[in-house]
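Engineer: Below are the structure tokens for one structure; questions will follow.
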Amino acid sequence: MHDFSFHENTLHAEKVSLRNLADEHGTPLFVYSANTIRDHYRRLDEALAPLDHEIAFAVKANSNIHILSLLGEQGASFDIVSGGELFRVVKAGGDPAKCTFAGVGKTREEIEYALELGIHAFNVESEAELQFINQVASEMGKIAPVSIRVNPNVDAKTHKYISTGKAENKFGIDFERIPEVYENAENLSNILLKGLQMHIGSQLTSHQPFLDAVTKVAPLAAELKQTHGIEFFSIGGGIGIVYDPALESGSEDWWDSFEPDQRPLTAAAYAEAIVPILKPLGLKILLEPGRFIVGNAGVMLTRCLYEKKGSAKTFKIVDAGMNDLIRPALYQGYHEIVPVQQSGPRSTIKTDVVGPVCETGDFFCQDRSLPDFQEGELLALMSAGAYGAVMGSTYNSRPLPAEILVDGAEAKVIRKRQTFEDLIAQEL
């Protein structure tokens, strides 16, 4: 759930009017709810209480340093995939010793930077990478803490671009090779084996793929604890969120309206499925959620510029584009589109909501029935807190939007809107 709701016919983030924020800061504009972020973190933390666990926020989901600082205050660790993300965590006041470094293509510079700062562990994704980390650590006179990422070859049944746990994906080492890789790692003088890691994909809305993967890999983790003394088992992230408004009506009985095998995944349901398998291991369990914590905690505000009626379609043209929020173009991602101002009963219209970027793929929805909003009206694209601003670009030389963090009645700018001068600052 989230803290975006209507008060006096205007959509608010907590106690702050989104219309007032748009009037003051312009559009496009990202707005986040601090209370929603805290609540989602707490729900997951409490659900996993039976385990010795650690929640490592996936920085790639939303890397604004103010969001990272907020999560650090809640006790979060961090899952990073680049040297730049490690830099952000440090600037946000995070502890490098609470960072695990994933990703298939770590460079020498990134490995050196992580070793200098003393990260918790590298998630090693290939045997070649393991050898290279050992070489770099040897040259620096350091011992590199590592966990090795296993590819369990489990189908997450999610979009092919965000599936990571099958044999044909680029991530991790084949399940069958893991025991030999650990044996080889024991002979590397500058490697310290600390854990085992897996991650099967993102935006999973059923507990079954998690259960399948944990059931398959848990015995391997138990074996590695006995043979190599590993301390933790990182089970990845990927818990999905509700994007479709029909699944988040706010009514008390909405959960019961679904068949049991079709109900949206919650922290409690997720924990209920996996805790019984993980608890007997006696290992620390690391979790790497991103979208689950911040996805529904953010919206993107945009204003309707024009309506264009053609022979085949009606288009509503807005001032945000695929460069601001690429999920619909890249993943066919769904975002609820809500007029910020309620004005009584409206007629509906089947329309494409499109942006100004010169690409046919620049759309937020196609052939969707929506309230018939007019030119000049302000809209909110819901559930834009994850993989929204963080994936933004300046394509078509469009400046990046501002970002606002709301906490109760307080709203603060956590990223200034880019100017035209900012666009070319590095080119002069």
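Values quoted throughout were computed directly from the atomic coordinates according to the rules given, and no laboratory measurement underlies them. Please read all numbers here as calculations on a predicted model, not as lab measurements. Backbone-built Cβ (ideal geometry, glycine too); neighbour counts: all protein chains shown.
Engineer: Taking only C-alpha pairs under 8 Å that are 6+ residues apart, what is the relative contact order of the range 1-50 in percent?
Structural biologist: About 30 percent, as a whole number.
Engineer: Points 7 angstrom from Cα along the Cβ direction at Lys15 and Thr215: gap in nanometres?
Structural biologist: That separation, rounded to one decimal, is 4.9 nm.
Engineer: Further question: Pick out, in residue order, every one of the GluC sites (Glu not before Pro) in the range 1-38 that is DSSP loop and has at most 13 other C-beta atoms within 10 Å; say none if there are none.
Structural biologist: Sparse-neighbourhood loop GluC sites (Glu not before Pro): Glu8.
Engineer: Here's something else I'd like to know. Hey, what did the chain get for relative contact order, percent, Cα under 8 Å, at least 6 apart?
Structural biologist: With pairs under 8 Å counted, the relative contact order is 20 percent.
Engineer: If you take the charge dipole of the chain about its Cα centre, with +1 on Lys and Arg Cβ and -1 on Asp and Glu Cβ, which of Ser311, Pro289, Ile191 is farthest toward its positive end?
Structural biologist: Sorting the options by dipole projection puts first Ser311.
Engineer: Here's another thing I want to ask about it. Using +1 on the beta carbon of Lys and Arg, -1 on that of Asp and Glu, and nothing else charged, what's the dipole of the chain about the Cα centre, debye to 20?
Structural biologist: Computed about the Cα centre, the dipole is about 420 debye.
Engineer: Here's a follow-up. Which one of Gly229, Thr10, Gln135 is farthest out on the positive end of the charge dipole of the chain, using unit charges on Cβ (Lys, Arg +1; Asp, Glu -1) and the Cα centre as origin?
Structural biologist: Result: Thr10.
Engineer: FRET efficiency for Asp52 and Thr314, Cβ-Cβ distance as r, R0 = 51 Å, nearest 0.05?
Structural biologist: So, using R0 = 51 Å, E works out to roughly 0.35.
Engineer: Another one. Neighbouring Cβ atoms within 10 Å as the yardstick, rank Glu231, Glu375 fewest first.
Structural biologist: Sorted ascending by nearby Cβ count, the order is Glu375, Glu231.
Engineer: For Glu375 and Leu330 in the same chain, what is the full-extension length gain: residue separation times 0.36 nm, less their Cα-Cα distance, in nm?
Structural biologist: 13.5 nm
Engineer: Let me ask something additional. For an R0 of 41 angstrom, estimate the FRET efficiency from the Cβ-Cβ distance between Ser343 and Arg108 and round to the nearest 0.05.
Structural biologist: Plugging the Cβ-Cβ distance into 1/(1 + (r/R0)^6) gives 0.10.
Engineer: Here's another thing I want to ask about it. Is there a pair in Lys98/Lys279; Lys91/Lys225; Lys142/Lys279 whose C-alpha atoms are over 26 Å apart, and which pairs would that be?
Structural biologist: Lys91/Lys225; Lys142/Lys279
Engineer: Can you tell which of Ala49, Leu325, Val59 lies farthest toward the positive end of the dipole of the chain, using +1 and -1 charges on the Cβ of basic and acidic side chains (Lys, Arg; Asp, Glu)?
Structural biologist: Leu325
Engineer: If the cut-off is 13 Å between C-alpha atoms, which aspartates and glutamates fall inside it for Lys60, apart from same-chain ones fewer than 8 positions away?
Structural biologist: Asp79, Glu85, Glu288
Engineer: Considering only DSSP beta bridges with both partners in the chain, what is the antiparallel share in %, to the nearest 5?
Structural biologist: 50 percent
Engineer: Same structure, new question: Listed here are the pairs Lys15/Lys416; Lys15/Lys309; Lys106/Lys412; Lys15/Lys313; which of them are more than 31 Å apart at the Cα?
Structural biologist: Lys15/Lys309; Lys106/Lys412; Lys15/Lys313
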